[in-house]
Each structure stands twice: as structure tokens, then as C-alpha cells.
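**Student:** Pasting a structure here, questions to come.
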Amino acid sequence: MYLLRLALASLSNRRFTALLTVFAIGLSVCLLLAVERVRTEARASFASTISGTDLIVGARSGSVNLLLYSVFRIGNATNNIRWDSFETLANHPQVDWAIPLSLGDSHKGYRVLGTNGDYFEHYHYGRGLSLELAEGKPFQDLFDVVLGAEVAQALGYHLGDHIVLAHGVSTVSLQQHDDKPFVVTGILERTGTPVDRTLHISLEGMEALHVDWKNGVPARGAGKVSAEQAREMHLQPTAITAVMLGLKSKIATFALQRQINEYRGEPLLAVLPGVALQELWSLMSTAEKALLVVSVFVVLVGLIGMLTAILASLNERRREMAILRSVGARPWHVAGLLVMEAFALATAGVGLGLGLLYVGIAVSRGFLQANYGLDLPLALPSAYEWSLLGGILGTAILMGSVPAWRAYRQSLADGMSVRL
């Protein structure tokens, strides 16, 4: 213990350099732990973007592509599903509920989703959380629209506002459905999922937008259908983009998936959301690992700064070492003193890093949850995080052994005859 007290006293005499070293190590430790927390929570949040859905069915393509356009609203479907195929799936004995999804339109860069009331009842995210309305009510009229929280906030929309949807998914579209405006009747609570960036309308509303379109081009003149005329028409869709299925028994999942993939009516693909999410995450793992490696190197830079500071002070402290030797300190005492200094600096840096991490989490937790769906817990470090911190302290001791070895080799005569 006397070596530790002596090391602390020595660092106190060089407090400015010591504090800068501790601050550098603390920032690097905070960055490393923050990256690890965000990585862990992002994986959990990513996996919980959709929960409670057993199968997602779309036109035959790739499982990742199907997941991206149906859940994350990224990309486009290779083809649509016929309505009679959806009815066959919805009426299957093993299917408890089916949510139809129809995509293809947008509003100022945000996707428009056509669906039915089952979407608000059966779509879950996170740990089984249901969609909740912050204001208003679900769509009931043909031209009602329910906005995701981010859409409403970013575009400044409120209940009762009229909006015009656009054909296609571009940020700027030249083909507007301005003859059939929609009225905002509901705004959803934030979920931190793609739901926040989506406008929700009924399947019939989606059909009404395109009832007078032929081959992707709106009708002109007498062929044009007004909003009032559309209300009088039978607007059952002929095709949709994808289907979310909830089954009565989880045991039947793989059997039904095989039946759907072998469906003879049209080429379909059924994927398990969890499996597709893991496949998608594996594609992103390279960037995840690269970020972790960068953080580790930042910590190493901080520790190298500590090593540099100790080495730079050695020449100034050669007389100090000689005095210690003259009063009975052995060479290993001098070496242990420098190792203790490195350990004390690293420990203080780790403590500061943990403090900065928890302050940062406390300050930004609400913002991250509301905008990115990341719920960073104010919890003690995990076993893996403890191992990282232990590795940092171990590396600091190893680095401290370098100046310790140099001090160990210095002789008493060398210390008493310092060259100026």
C-alpha cells in the first residue's frame, strides 16, 4: 500500500499532466463503452422492429429484400401478390390474422402504406408493444390518413390538415394525386421504428388513388374519376405488396412456410422475420466490427499517451529515483512505483469514462428512444464490458512495465550524477 500512496503523491506533484492523461483515457473509455452499449441495444432494437408476426409473405425474391420493403420501407417489391392469393392465406386454417400491405406511393419522401384495421390491432414492435395513437383515431373514411410521429413532426401536420399524396417513392414527384386529397385523422405515438416515417391509409383509399390510372399514367378528360365518384365505386384491391401473418400455433410455422413457398397459384416467398433480421444484421456486421476496432484503437492511443507522459518524466525524476534508492528502496520498489502510477492513471481514467458514459446516457436517453428507438439502460456494466475494462487495466500495467524496466536498470551512481 505504501507504493500506492507514494505513487499518488508523485502524481499529485505532476497533477496537470496527470489530469490531462486521465481525461484522455476517460474519453477513450467512454467512447468504447458507448459504442458497445449502442451496438448491443441497436441489435436488440433492430431485432424488435417487428414482433409477434410469424411470417411475412411477398412475391418471390430474396428474404432480405422482402424484409426491407415490407418492414423497413426500403426499396421496392419485384412484383405484387394477387388479392385472391391473400384471401387464400387469410382463410388458411392455421392463420389467426393477416395484415395486407400495399406500397408504392409517397408524400415528400415518406412512404405511404395501404392496409386495414388489423394493422393497428396486430402489428407489434419492441417487446410486444402495440401501436398507440397520440391524437385522433384510425382511418374510417375513404380519404383518411394516419401519420407516423416523425412525419407529423417533420412536416408540421395536425389533425384536420389536408395533404396530397404522390405517385411513386421519390422525394420530388411530378405526378401528384391532387384530385383526391386526404385528411389527417390520427397521429401515432413514437415507436422508434419505420412506422414513425410512414403515412397509413386504407386499402380502399389506395385503390381510389389509382382507379383512373392505366399503365402508371393518370387518365385525362372524361376518363378521370373524381373523389366523389370514387366513393360510389367498388374499390376492392386486385393486388397488394406483401402480407404479415400471425399463426394460431407456432409449431405450424415451418410447415406453412413450406406450403406458401410451394404455392402453385403464383410464385410466393414466406420468410420468418427473426431469421431475415439476423441475415440482414450479418450483412451489417462488418461496419459494426469496424466501429468497435476504431474505438479500441482510440483507447490504445489514450494509453500510449499515458506511457509517453511517464517516459517523458523519467529523466526529470532520475534524482528522485536515486534518493529513493539511497534511503533503502530496492530496484523492484522503484519499478513497482511506476507500475502503480500507470495503474492509478488507468483506474482513474476508467472511472471517469464510466461517469461520462452514465451522464451521457442520462442526458440523451429520451432523445435516442424517441428518435431512434434505442433504449440505453442505466445499468451496471455487463460481463463483456467488465472484460473490456479489465483488458484496459491490464494493458495499462503492461505499458507501465516499460518505464518501470528503464527505472529498474538505472543505477544509483547514474541517478546521482545527472547530466544537465
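**Student:** Where the centre of each part is set by its Cα atoms, how far does the stretch 191-211 sit from the stretch 10-60, in angstrom?
**Tutor:** For the stretch 191-211 versus the stretch 10-60, the Cα centre distance is 35 Å.
**Student:** What's the ranking of 160-169, 247-256 by average number of surrounding C-beta atoms within 10 Å, highest first? Each step should come with its number before you reach the end.
**Tutor:** Values: 160-169: 16.1, 247-256: 13.7.
Ranking, from highest mean packing down: 160-169, 247-256.
**Student:** Amide H of His124 versus every other amide H placed in the peptide plane: which residues, excluding those fewer than 5 positions away on the same chain, fall under 5 Å?
**Tutor:** HN-HN under 5 Å from His124: Ser51.
**Student:** Within a 10 angstrom radius of the beta carbon, how do Asp196, Asp141 rank from fewest other beta carbons to most?
**Tutor:** On the way: Asp196 23, Asp141 13.
Fewest-to-most ranking of Asp196, Asp141: Asp141, Asp196.
**Student:** Could you give the size of the charge dipole of the stretch 55-271 about its Cα centre, using +1 on the Cβ of each K and R and -1 on the Cβ of each D and E, expressed in debye and rounded to the nearest 20?
**Tutor:** Dipole about the Cα centre, nearest 20: 720 debye.
**Student:** Relative contact order of the stretch 9-138: what whole-number percent is it, with Cα pairs under 8 angstrom and at least 6 residues apart?
**Tutor:** On the way: 100 pairs, mean separation 27.4, N = 130.
Worked out over the stretch 9-138, it gives 21 percent.
**Student:** Put +1 on the Cβ of each Lys and Arg and -1 on the Cβ of each Asp and Glu in the stretch 23-128; which of Leu89, Ala47, Ser102 then has its Cα farthest toward the positive end of the dipole?
**Tutor:** Of Leu89, Ala47, Ser102, it is Ala47.
**Student:** Okay, moving on. So, R0 is 41 Å and r is the distance between the beta-carbons of Ser364 and Val64; what FRET efficiency does that work out to, to 0.05? If you can, show how the numbers build up before the last one.
**Tutor:** On the way: r = 31 Å, r/R0 = 0.74.
Approximately 0.85, to the nearest 0.05.
**Student:** In whole percent, what relative contact order does the stretch 55-271 give with Cα contacts below 8 Å and a gap of six or more residues? Don't skip to the end; give the middle numbers.
**Tutor:** Details: 427 pairs, mean separation 69.5, N = 217.
Here the relative contact order equals 32 percent.
**Student:** Taking H as built 1.01 Å from N, whose amide H comes closer than 5 Å to the amide H of Asn79, not counting residues under 5 places away?
**Tutor:** Amide H to amide H, under 5 Å and 5 or more residues apart or across chains, Asn79 pairs with Ala59.
**Student:** Which part of the stretch 53-70 falls in the paramagnetic zone of Asn79, meaning amide N under 20 Å from the point 7 Å along Cα-to-beta-carbon?
**Tutor:** Under cut-off, by backbone N: 56-70.
**Student:** Give the calculated FRET efficiency between His162 and Trp97 to the nearest 0.05, with a Förster radius of 41 Å applied to their Cβ-Cβ distance.
**Tutor:** Working: r = 32 Å, r/R0 = 0.79.
Efficiency for this residue pair is about 0.80.
**Student:** Same structure, new question: In straight Cα distance, which lysines are under 19 Å from Lys214, not counting same-chain residues fewer than 8 positions off?
**Tutor:** Partners within reach: Lys180, Lys224.
Each value in this text was obtained by applying a stated rule to the coordinates, not by laboratory testing. Nothing here was measured: the structure is a model prediction, and the numbers come from that model. When we count neighbours, we look across all protein chains shown, and the Cβ atoms used for this are built from the backbone with ideal geometry, even at glycine.
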